[in-house]
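Enquirer: Questions regarding the structure given below will be posed in turn.
Laboratory data are not the source of any read-out in this text; all were calculated from the coordinates shown. If you're wondering where the values come from, they're calculated on a predicted model, not measured in any experiment. Quick reminder, even Gly has a Cβ in these numbers, built from the backbone with ideal geometry, and neighbours come from all protein chains shown.
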Amino acid sequence: MSSSTNPTSAAYKHAVEKLGMKPNIAKALEIPDRELTVEVPFRRDNGEVESVIGFRVQHNNTRGPFKGGIRYHQHVDIQEVRSLATLMTWKTSLLDIPYGGGKGGIGIDPSKYSKTELERMSRRFFRAIDPIIGVNVDIPAPDVNTNAQVMSWFMDEYSQLHGYSPAIVTGKPLELGGSEGREAATGRGTAIITRETAEKWEIDLQGAQIVVQGFGNVGSYAAKFLHEYGCKVIAVSDVSGGLYDPDGLDIPTLFEYNYKHRTIDGFEQGKKITNEELLALECDFLIPAALGSAINEQNVDKLNCKVIIEAANGPVTGDAANKLWDKKIGIIPDILTNAGGVTVSYFEWVQNLQQFKWDEEDVNAKLENKMVKAFNEVFALKKEKNVPMRIASFMVAIDRVQTAYNLREG
Ligand code: NAD
């Protein structure tokens, strides 16, 4: 991706310029600390050995251990893992969580392997990256196509080598030290950020019209909590297409339906629309919660919303973001909006280290505090410097890492 289409590197450069950072420090914070590429040999169910390639990139640990998910996808390569690891450094810093940024993955299509093959592959991968991870060094988590089961294998593999260590990964099942509130955390954080945005943008939250693209973990929980706040969710979509009702969809029933069937397809209420039609609907908040680059040069001129809440990672391309700034359509960036997930992952790690379980109310209250504080910091800087929320977010995040870096190096 060029820097004009990659919103992260474009935002980094813009924020560095606005902060007046010294070029040597800007360069130091851009370069990953360590990148590991490993061969992962494992036995297929037919008895043959197959080798795949795995990665772990540790971008920066100035403010705490590396933290970031492990992705299984055919598009995974070193560039993608590097840019996602970098994003984690800024996200953890923005939320003022004592972590750095990391990411990992294996470049495979997991649908081509059986569960037992995935287990052998996962365990072998974790052994291969064992020399560079640790409870206070680097703490992986689930990402695209990895889940609580994969984290259980990782935790088991690490514990066999080092003794019982639930804090080595987050996103575990509750029975193995997972946290209450983790499943809903990213959607809950997205709803909190939308609520705060409504106040600052002077949009009445009661009856505010919401459109959500993607009704998976993040999108469905965001819709559920926004509905509870009194918003009117008028359209949602998933890979099967969209549903639209100008009077508002029955979100609690749709949430249950989707939880059971893993799709909104077949739900009785609402008019069927395409994803293109959904993006063009008139609304207060458009929440892309599915894919990267969903809003791009091709469709940006058709949007009809007041504010975009980036729940997915990188759903608005850099070029589209520039156009939206000119048209005075706000964008609340991913590193702020979807940081609820890593925040509750951090809470999970703290509970594991304390060997003490918090109840869900406690987790949610702490998440609320963190999200609101970060939002207010970003909004204050946006006002002071007259920059978009994305640039203000990067400025807060980079400045915090820079200060820590200078204290440690100086
Ligand atoms: P998910 O797999 O649970 O859900 C993805 C949803 O998007 C599904 O409903 C799917 O049908 C839909 N979708 C896929 N292609 C689509 C298309 N072309 N048009 C419309 N909908 C489409 O994933 P998730 O965990 O909800 O993650 C969504 C996004 O949020 C991703 O970008 C992810 O990286 C980001 N994110 C997730 C978390 C988390 O905690 N889950 C945290 C931070 C960021």
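Enquirer: Looking only at the range 208-228, how many residues end up being touching a residue at least 60 places away in the same chain (Cβ under 8 Å), over 12 Å from residue 191 (Cα atoms) and near the ligand (Cβ under 9 Å from one of its atoms)?
Expert: Number satisfying all stated conditions: 4.
Enquirer: Something else about it: Mind counting the residues in the range 281-336 that are more than 12 Å from the chain's Cα centre (by Cα), within 17 Å of residue 236 (Cα to Cα) and part of a loop (DSSP other than H, G, I, E, B)?
Expert: Of the residues in the range 281-336, 3 are more than 12 Å from the chain's Cα centre (by Cα), within 17 Å of residue 236 (Cα to Cα) and part of a loop (DSSP other than H, G, I, E, B).
Residues checked against (1) away from the ligand (no atom under 16 Å from the Cβ); (2) touching a Gly at 6+ places or on another chain (Cβ under 9 Å); (3) not basic (Lys, Arg):
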{"position": "118", "(1), (2), (3)": "yes, no, yes"}
{"position": "163", "(1), (2), (3)": "yes, no, yes"}
{"position": "177", "(1), (2), (3)": "yes, no, yes"}
{"position": "186", "(1), (2), (3)": "no, yes, yes"}
{"position": "197", "(1), (2), (3)": "yes, yes, yes"}
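To keep it simple, each residue is scored yes or no on (1) touching a helix residue (DSSP H, G or I) at 6+ places or on another chain (Cβ under 8 Å); (2) without any contact (Cβ under 8 Å) to a residue 60 or more places away in the chain.
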residue	(1), (2)
63	yes, no
74	no, yes
103	yes, yes
121	no, no
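Enquirer: What do you reckon, is residue 71 of a type outside the set (A, V, I, L, M, F, W, C), under 26 Å from residue 387 (Cβ atoms) and not in a helix (DSSP H, G or I)?
Expert: No; evaluated as a whole, the condition is false for this residue.
Enquirer: Residues in the range 316-326: is at least one within 15 Å of the ligand (Cβ to nearest atom), touching a residue at least 60 places away in the same chain (Cβ under 8 Å) and on the phi < 0 side of the Ramachandran plot?
Expert: Yes, because at least one residue in the range 316-326 is within 15 Å of the ligand (Cβ to nearest atom), touching a residue at least 60 places away in the same chain (Cβ under 8 Å) and on the phi < 0 side of the Ramachandran plot.
Enquirer: Shifting gears a bit: I'd like the residue in the range 363-398 that is in contact (Cβ under 8 Å) with a residue 12 or more places away in the chain and more than 15 Å from residue 336 (Cβ to Cβ) and, out of all such residues, is surrounded by the fewest Cβ atoms within 10 Å (Cβ to Cβ).
Expert: Among residues in the range 363-398 that are in contact (Cβ under 8 Å) with a residue 12 or more places away in the chain and more than 15 Å from residue 336 (Cβ to Cβ), the one surrounded by the fewest Cβ atoms within 10 Å (Cβ to Cβ) is 385.
Enquirer: For the range 337-388, which positions are in contact with a strand residue (DSSP E or B) (Cβ under 7 Å, 6 or more places away or on another chain) and not in a helix (DSSP H, G or I)?
Expert: 388, the sole residue that qualifies.
Enquirer: Just to be sure, is residue 256 free of Cβ contacts under 8 Å to residues at least 12 places away in the same chain, away from the ligand (no atom under 11 Å from the Cβ), part of a helix (DSSP H, G or I) and more than 23 Å from residue 303 (Cα to Cα)?
Expert: Considered against the rule, which asks whether it is free of Cβ contacts under 8 Å to residues at least 12 places away in the same chain, away from the ligand (no atom under 11 Å from the Cβ), part of a helix (DSSP H, G or I) and more than 23 Å from residue 303 (Cα to Cα), residue 256 comes out as yes.
Enquirer: Run residue 47 past the list (1) under 26 Å from the mean Cα position of the chain (by Cα); (2) not in a strand (DSSP E or B) and report the number of the one that doesn't hold.
Expert: Single failed check for residue 47: (1).
Enquirer: For residues that are farther than 18 Å from residue 220 by Cα and in contact (Cβ under 8 Å) with a residue 40 or more places away in the chain, scanning just the range 271-282, find the one that is nearest to the ligand (Cβ to nearest atom).
Expert: Selected residue: 281.
Enquirer: Given the structure, is residue 111 among the hydroxyl-bearing types (Ser, Thr, Tyr), surrounded by fewer than 24 Cβ atoms within 10 Å (Cβ to Cβ) and free of Cβ contacts under 8 Å to residues at least 40 places away in the same chain?
Expert: yes
Enquirer: Kindly establish whether residue 150 is under 14 Å from the mean Cα position of the chain (by Cα) and in a helix (DSSP H, G or I).
Expert: no
Enquirer: Okay, moving on. Where residues in the range 206-237 are in contact with a Phe, Trp or Tyr (Cβ under 6 Å, 6 or more places away or on another chain) and not in a strand (DSSP E or B), which of them is surrounded by the fewest Cβ atoms within 10 Å (Cβ to Cβ)?
Expert: 224
Enquirer: Further question: Which condition breaks for residue 308 when tested against (1) within 12 Å of the ligand (Cβ to nearest atom); (2) under 15 Å from residue 226 (Cβ atoms)?
Expert: (1)
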